[in-house]
Amino acid sequence: MTAPESEPAIKPPAPPQTMRDDEALTLLRDGSLEVAGRLVEATNMTLYCSVTLGDRKAACVYKPVRGERPLWDFPDGTLAAREVAAFEVSQATGWRVVPPTVYRDGPFGPGMCQLWIDTEREIDLMRLVRSRNPVVRRMAVFDAVINNADRKGGHLLPLPTGHVYGVDHGVCFAVEDKLRTVLWQWRGKPLAREAVAVLAKLERDIESGSLGRRLRELLTLAEVEATWRRVRRLLDTGVHPYPSEGWPAVPWPPI
């Protein structure tokens, strides 16, 4: 196992605190959804909505299961649950790299509902993708855990605070190695000490903790076991993974 790298000199910024996660989750889960429009560039049906509960109101993204496009390598009707599973892993890491996300019923049936994030519009996404930003590095580790098959640059949402969220996690958690990402700048590099500590906690939590129980509600048993094995492999090797030889390394388009 390779010795982990020391912590970065500058601690990655915390995500914004405009709404606590528990408040956002309650709003998303129990609020009234009103469709305002559709994001037409999205592959699957992606609806921009407002969600209201009492005096609380927020914008959100709603992806109904019935609007999912069938894929050859993922079971039909499972993408929304995979998005929620990605949020659960994000919360378990403590990094909060996925916005609050729930599975709920809506105007077009059950689906995924996620808090809308307003981004920093002045940031150059290509520069961010190629950077050594410690927050983006966390995302690279997170993607390796969930086996993200579609980490495009446009799926990164930088905030004015310096935090970076990631979205569009419907094609994750496959049993086969499908990691496809624009974040390969750390391939083969030793994992940061912080990442090693987080991965050790994840391993325990998937094997016998609340995260494992929650993932088994959202994924197949084989997919949960494969997630645990990916965490174990990262801990055993101590390095960021290399691209797979049998799978395209970068999604298209990359942004």
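Take the Cα pairs of the stretch 169-239, get the Kirkwood Rh, then feed it into Stokes-Einstein at 20 °C and 1.002 mPa s and tell me D in µm²/s. Mind dumping the intermediate values first?
On the way: Rh = 13.1 Å.
For these conditions, the coefficient is 164 µm²/s.
So, counting K/R as plus one and D/E as minus one, what does the shell of residues with Cβ under 15 Å around PHE74 add up to?
On the way: positive: LYS63, ARG69, ARG82, LYS178, ARG180; negative: GLU68, ASP73, ASP76, GLU83, ASP150, ASP168, GLU176, ASP177, GLU223.
That sum, taken over residues with Cβ under 15 Å, equals -4.
Could you check the spin-label model distance between THR43 and ARG233? Points 7 Å from the Cα along Cα→Cβ, value in nm.
2.1 nm
Provide, for q = 0.15 Å⁻¹, the log10 of I(q)/I(0) from a solvent-free Debye sum over equal Cα point scatterers in the chain.
-1.11
Quote the accessible area belonging to THR43 in square angstrom, nearest 10, computed with a 1.4 Å probe and with ligands, DNA and RNA left uncounted.
Number for this one is 90 Å².
At a 1.4 Å probe radius, which order do HIS155, HIS169 fall into by accessible area, largest first?
HIS155, HIS169
Please give the length that would be gained between GLU176 and THR119 if that part of the chain were fully extended, namely 0.36 nm times their separation in residues minus their C-alpha to C-alpha distance (nm, one decimal). Display every interim value, and only then the final one.
Details: separation 57, 0.36 × 57 = 20.52 nm, distance 3.27 nm.
The GLU176-THR119 span can extend by a further 17.2 nm.
Tell me the per residue accessible area of the stretch 21-240 using a 1.4 Å probe; a whole number in Å² is fine.
Values: 9600 Å² over 220 residues.
Counting only protein heavy atoms, the per-residue value for the stretch 21-240 is 44 Å².
Which value does Rg/Rh take for the stretch 62-154 over its C-alpha atoms, Rh per Kirkwood?
Working: Rg = 14.6 Å, Rh = 14.8 Å.
Radius of gyration over Kirkwood radius for the stretch 62-154 works out to 0.99.
At a 1.4 Å probe radius, carbon and sulfur cover how many percent of the accessible area of the chain? The partial results should precede the final answer.
On the way: 6500 of 12390 Å².
C and S fraction of accessible area: 52 percent.
Please identify, among LEU125, LEU115, LEU28, the residue showing maximal mean-square fluctuation in a Gaussian network model of the chain using a 10 angstrom Cα cutoff.
LEU125
What aspartates and glutamates does LYS189 reach when the alpha-carbon gap must be under 20 Å and sequence neighbours fewer than 8 apart in one chain are set aside?
GLU5, GLU7, ASP143, ASP177, ASP236, GLU245
Using a Cα-Cα cut-off of under 18 Å, which lysines could be cross-linked to LYS178, ignoring same-chain neighbours fewer than 8 residues away?
Correct list for LYS178: LYS152.
Could you tell me the convex hull volume per residue, in Å³, taken over the Cα atoms of the stretch 112-240? Walk me through the intermediate numbers first.
Values: hull volume 14.5 nm³, N = 129.
Value for the stretch 112-240: 113 Å³ per residue.
The values are calculated or read from the model by the stated rules, or taken from the named source; none is laboratory data. Keep in mind it's a predicted model, so treat the numbers as computed, not measured. When we count neighbours, we look across all protein chains shown, and the Cβ atoms used for this are built from the backbone with ideal geometry, even at glycine. Protein only, heavy atoms only, side chains kept; ligands, DNA and RNA dropped before computing areas. Shrake-Rupley method; radii C 1.70, N 1.55, O 1.52, S 1.80 Å.
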